[in-house]
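Quick notes on the structure that follows.
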Amino acid sequence: MDETVAEYIRRTVLKIPRDEIKTMLQKWGFLSEAQLQTINFHQIKDNISQDVVQLCEENSADIKQAAELDIIYNHIYPNKRVWSVYQMNKTGEETDFFDLTEFKKKFKRQLRSALKNVTINFREYEDNAIWIRIAWGTPYRKPNQYKTSYVVYHSQTPYVFISASVLKSNLPLLCQALVVASNYCDIREMELRSHSLNSLKDIVFKRYSQNFQTYYPRPLEERNVAPENEDLRIIQENRNEKERIQRVNQQIFGDGPQPKLEFAQYKLETMFKSDPKMDVLDKKEPFRCLVKFSSPHLLESLKSLAPAGMADAPLSPLLTCIPQKARNYFKIREKKGVFPGSFVSP
Amino acid sequence: QGNADAQKIAFLLRKQWTLYSVTPLYRFSEAHLRDYARLLSAFIAAEKQKGLAVEVGVELDIKVAVSSLPDLKGSDQDQAAVLVQLSLRSPASPKNSEEKLVWSGWFCCVSGDHLSETLPEDFTCLPLFLANGAESYTSIVGSWFQKTFDCCFRRLAISPLNLSWMAAMWTGCKVDKTASAIELVFSVPCLPQPLDISYAIHPEDAKALWDTVQKTPGEITQEEVDVFMDCLYSHFHRHFKIHLSATKLVKVSTAIASAHCDGIIKFLQSQYLTGVLMLLTELAISQIQ
């Protein structure tokens, strides 16, 4: 077995939390159940990975098989990478029948015609998701297994999720291969990025609980709310306002959990407006700003601002539109015309 | 001579310095810097013997240098700044100048007249201390100074109020075309999911705003700082409906310098170094008094 393959397998196993190693090796299926029985999964990880490498040696593992294990790891722990969302377009209306074998063949051919040194692996999952792992080389160097890009393509949709890694120069090549293989015309990057792959899917496939805009906002229906503090000496100030905020929040954000995003960025090119009494800046040019919001769970965080008294309810549509518009990068310019207070996001 | 000093000043730039306030030093003398270096060196060696080793494993020799930075002062009454540097010397070649600088700390006083004037004879006023390097070294050096000169070190935090002053002051400074943005970082920790907001304004636009707010050149009032910040807050509110004034301002970054509320500073421009030090000296003195 190649030394580089052995080292690669060793490092991949080391990434896996100790309690998960056995299950993941079983999913991989490269080592037999009998072989797995011989490994003591309670020893330290260093030793476990050495044992695994030893067994892989017996089975003469090659790089493709090692790459399989990497895909399985990344499928279970996708949040270690940053994912960007791309959308493909086709001109015609026809929905071609998706042939997986054709797709894989065309993809490999397209990629290999431009770059001989690539390792390409595919793995299909139940939800029509095709995972593609690509390790990039150069015309003169073998593929670097530690510099990989991942693609998750849901064949029934025009959406592709890409975790490109450092070699951004290979991105156009990758996009081209996807378009050709899937019979689309072109592909564009959406302004949507996150560590949480599932949340990106939720947003793009509209799987989160959306607010349904009703014409007459209905009052909150009776729910199983725990009884308020019975002590009559405690008076809730501003009870009406608190309830209004809750109601408005619920209308905007919906009832269910929010998709998990870590950041949102706004490039502001709007005018600075102030009270004329203040006698400050009155320029005809935009007041250029860059605003970045970050949080372990951004949308939940924004949702809690108004109840905490730090924001107005309703919160600005610039923030609440994130899931609907399926983007978290914005460029905001002043909308010219009738309503000077509103903004346009191209 | 001038060049050497310019080099020393350049050394202070673009590093992260942790701030402390220091009470006046008793019987400190600028004439004895070499002796202090020797004594501090012996102290560090003794601490290592005691098992309070800073570097586990390899026995490395720590060399101490204490020098003066005469240009770093505001007025003639100010005490010249004192720089302490710790270097590691590899035992393999003790005479060979293979020295790696591992820690630096300097005391200074820029326009600290109102404190130094009130001090009795034997006391030296160097209220601001800046440290760069491992916390363990800072602790050892601090202990020695505290023991030797009967002084007291305390971490110097920077309040949001003072950070807004820095934002306003530094926005007003003239910088070249390639200046970086004025960045304000706000933190909202007490939510179920914490939130950080970075608000960066193009330096030309921020300066244009400040120039219309500041009425008297060379002078800044609290009111002007408030108006400036309110303008920035209301521009933000117009877009996002969030009240930045209800959040905590934790960091200010400009082309001049960057400051963090935990008491961490980075100087980026040598021409404004003394200006920033003057402000920090004032903060240190307020903390001591």
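Before moving on, here are some points about what is shown:
- Only Cα pairs under 8 Å and 6+ residues apart enter the sum, and on that basis the relative contact order of the stretch A:83-204 stands at 37 percent.
- Exposed-loop-free span, longest in chain B, where GluC sites (Glu not before Pro) count as exposed if DSSP calls them loop and at most 15 other C-beta atoms lie within 10 Å: B:122-218
- Going by neighbour counts of Cβ atoms within 10 Å, the residues B:Ser143, B:Ser253, A:Ser113 line up, fewest first, as A:Ser113, B:Ser143, B:Ser253.
- Across chain A, C-alpha contacts under 8 Å between residues 6 or more apart give a mean separation that, scaled by the residue count, equals a relative contact order of 14 percent.
- Shape of the stretch A:242-333, Cα gyration tensor, a/c cut at 1.5: oblate
- Listed residues A:Leu200, A:Val85, A:Asn238: farthest to the positive end of the dipole of chain A (Cβ charges): A:Val85
- The charge dipole of the stretch A:242-333, taken about the Cα centre with unit charges on the Cβ atoms of Lys, Arg (+1) and Asp, Glu (-1), comes to about 260 debye, rounded to the nearest 20.
- Extent along principal axes [Cα atoms of the stretch B:205-274; Å; largest to smallest]: 39, 31, 21
- Euclidean distance between Cα centres, the stretch B:184-211 to the stretch B:133-159, Å: 32
- Relative contact order (%) - the stretch A:1-139, alpha-carbon pairs under 8 angstrom, separation at least six: 22
- Among A:Leu55, B:Leu163, sorting on how many other beta-carbon atoms sit within 10 Å of each Cβ, with the fewest leading, yields A:Leu55, B:Leu163.
- Rounded, prolate or oblate (a/c below 1.5 giving rounded, otherwise prolate when a/b exceeds b/c) for the stretch B:160-261 by Cα gyration tensor: prolate
- Cα gyration tensor shape for the stretch A:57-113, rounded if a/c is under 1.5, else prolate or oblate: oblate
- Residues A:Ser32, B:Ser164, B:Ser180, ranked from the fewest to the most other C-beta atoms within 10 Å, line up as A:Ser32, B:Ser180, B:Ser164.
- Calculated mean residue ellipticity at 222 nm for chain A: -10000 deg cm²/dmol, from DSSP H runs with n ≥ 4 weighted as -39500 (n - 2.57), summed, divided by the residue count and rounded to 500.
- For the peptides A:291-302, A:253-264, A:98-109, residues were scored by their other Cβ atoms within 10 Å and the scores averaged per peptide; the highest-first order is A:291-302, A:253-264, A:98-109.
- With Cα atoms, 0 to 90° folded angle of helix B:222-240 axis to chain B main axis: 60
- Backbone phi angles across the stretch A:156-161, fed through the Karplus curve with coefficients 6.51, -1.76 and 1.60 (θ = phi - 60°), yield HN-Hα couplings of 7, 10, x, 9, 10, 10 Hz in residue order; Gly and Pro are listed as x.
- Cα-only Debye scattering, chain B: base-10 log of I(q)/I(0) at q = 0.07 Å⁻¹: -0.31
- Viscosity 0.692 mPa s, 37 °C: Kirkwood-radius Stokes-Einstein D of the protein assembly as shown over Cα pairs, µm²/s: 109
- Neighbour-limited loop hits for trypsin sites (Lys or Arg not before Pro), the stretch B:149-201 (at most 16 other Cβ within 10 Å; DSSP other than H, G, I, E, B): B:Lys174, B:Lys177
- Selected from A:Glu58, A:Glu68, A:Glu126 as most flexible by GNM, with chain A as the system and alpha-carbon contacts under 10 Å: A:Glu126
- Beta bridge orientation in the protein assembly as shown: antiparallel %, DSSP, nearest 5: 95
Rule-based calculations on the coordinates, nothing more; no lab input. What you are looking at is a predicted structure, and each value in this text was computed from that prediction instead of being measured. Positions of Cβ are backbone-derived with ideal geometry, glycine not excepted, and every protein chain shown enters the neighbour counts.
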